[in-house]
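Chemist: I have a structure I would like to understand better, so I am pasting it below and will then ask my questions one at a time.
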Amino acid sequence: MYPDVRFPIPLDDVYNCYLSVIKNENANNIVVIGDSCGANMAVSLCMKLRDNAKPLPGAVILFSFWGDMSNSGSSYKENCHRDPFYGIPKRISYEDAKDKIHRITLYAQGEDLYNPYLSPCFGSFADFPKTILVCGSADLGQSDSFTAYEKLKSEGVETYLLDYENMFHDFQMLKFLPESRNVFKRIKDIIQP
């Protein structure tokens, strides 16, 4: 998300784009995919579609879901020295680097960080399509994936959590990793049984 474009403009743009797509395509044939803040946008899109009685996609795939802009989950502290993408050097304490770890962007400036369209972990996942969450045990935001998974399950949504030991934020982007190849095979098996 561009820092000079503030919430909710990107969400509105994605929503309107999706509505244009489903004029010519059955929503059930669409799989919405996002990673990190893009995963946030994918979930926010589904919430907005549901709340406006619009057709939801057939499935949602979320890689390293950043679903809590308040970054209140336990993994932000537990994995701050383990995640090579968003972590901090071991010589710096979590307390000294909270502002860096709690990457509240200009995108959310002045907004309530508990607004479900901004931080979907605080919203309802009721009536969502099949949802796949992918994270790693070293991912700074792993707890966001866990929170979403538990909410999805409790609200009766078909959901899958693919949690990879010692993997970090967006590890699936590195095609040379065996875990990356494995995750795409598993996703294919879930989407196309």
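The values are calculated or read from the model by the stated rules, or taken from the named source; none is laboratory data. Here the structure is a predicted model, which is why all the values come from computation and not from measurement. Glycine gets a Cβ as well: all are built from the backbone with ideal geometry, and neighbour counts include every protein chain shown.
Chemist: Those residues that are more than 27 Å from Asp112 (Cα to Cα) and either at pLDDT below 95 or surrounded by 15 or more Cβ atoms within 10 Å (Cβ to Cβ) (or both), I need them from segment 1-54; list them, please. Spell out the reasoning first.
Modeler: Going residue by residue through segment 1-54, those that are more than 27 Å from Asp112 (Cα to Cα) are 20-31.
Within segment 1-54, Ile22, Ala27, Ile30, Val31 meet the criteria.
Chemist: Right, something else. Looking at Lys153, is it outside any loop (DSSP other than H, G, I, E, B) and over 27 Å from Ile9 (Cα atoms)? Walk me through it before giving the result.
Modeler: Working: outside any loop (DSSP other than H, G, I, E, B): yes; over 27 Å from Ile9 (Cα atoms): yes.
The answer is yes for Lys153.
Chemist: Find all pairs meeting these conditions: Cβ atoms under 6 angstrom apart; at least six residues apart or on different chains; first residue within segment 109-133 and closer than 13 Å to Tyr149 by Cα; second residue surrounded by 21 or more Cβ atoms within 10 Å (Cβ to Cβ) and modelled with pLDDT under 95.
Modeler: Close Cβ pairs (under 6 Å, with a partner that is surrounded by 21 or more Cβ atoms within 10 Å (Cβ to Cβ) and modelled with pLDDT under 95) amount to Cys121/Asp68.
Chemist: Separate question: Cβ contacts < 8 Å: first residue under 20 Å from Leu133 (Cα atoms), restricted to segment 11-37; second residue of a type in the set (S, T, N, Q) and assigned to a helix (DSSP H, G or I), any location; separation 6+ or different chain. Result?
Modeler: Gly34/Asn40; Asp35/Gln172
Chemist: Then there's this: Being within 20 Å of Trp66 (Cβ to Cβ), out of contact with any Gly (no Cβ under 7 Å at 6 or more places or on another chain) and outside any loop (DSSP other than H, G, I, E, B) is the filter here; which residues of segment 164-178 pass it?
Modeler: Gln172, Met173
Chemist: Does Ala97 qualify as being part of a loop (DSSP other than H, G, I, E, B) and either at positive phi or surrounded by fewer than 17 Cβ atoms within 10 Å (Cβ to Cβ) (or both)? Give the steps one after another, and end with the answer.
Modeler: Details: part of a loop (DSSP other than H, G, I, E, B): no; either at positive phi or surrounded by fewer than 17 Cβ atoms within 10 Å (Cβ to Cβ) (or both): yes.
Answer is no for this residue.
Chemist: What number of residues within segment 55-77 satisfy the criterion of being surrounded by fewer than 23 Cβ atoms within 10 Å (Cβ to Cβ) and free of Cβ contacts under 8 Å to residues at least 60 places away in the same chain?
Modeler: Residues flagged as surrounded by fewer than 23 Cβ atoms within 10 Å (Cβ to Cβ) and free of Cβ contacts under 8 Å to residues at least 60 places away in the same chain within segment 55-77 amount to 4.
Chemist: I would also like to ask the following. Would segment 69-90 turn up any residue that is closer than 24 Å to Val14 by Cβ, among the hydroxyl-bearing types (Ser, Thr, Tyr) and outside any loop (DSSP other than H, G, I, E, B)?
Modeler: no
Chemist: I've got another one for you. Counting only residues that are in contact (Cβ under 8 Å) with a residue 24 or more places away in the chain and either surrounded by fewer than 16 Cβ atoms within 10 Å (Cβ to Cβ) or hydrophobic (A, V, I, L, M, F, W, C) (or both), how many does segment 161-185 have?
Modeler: Final tally of qualifying residues: 10.
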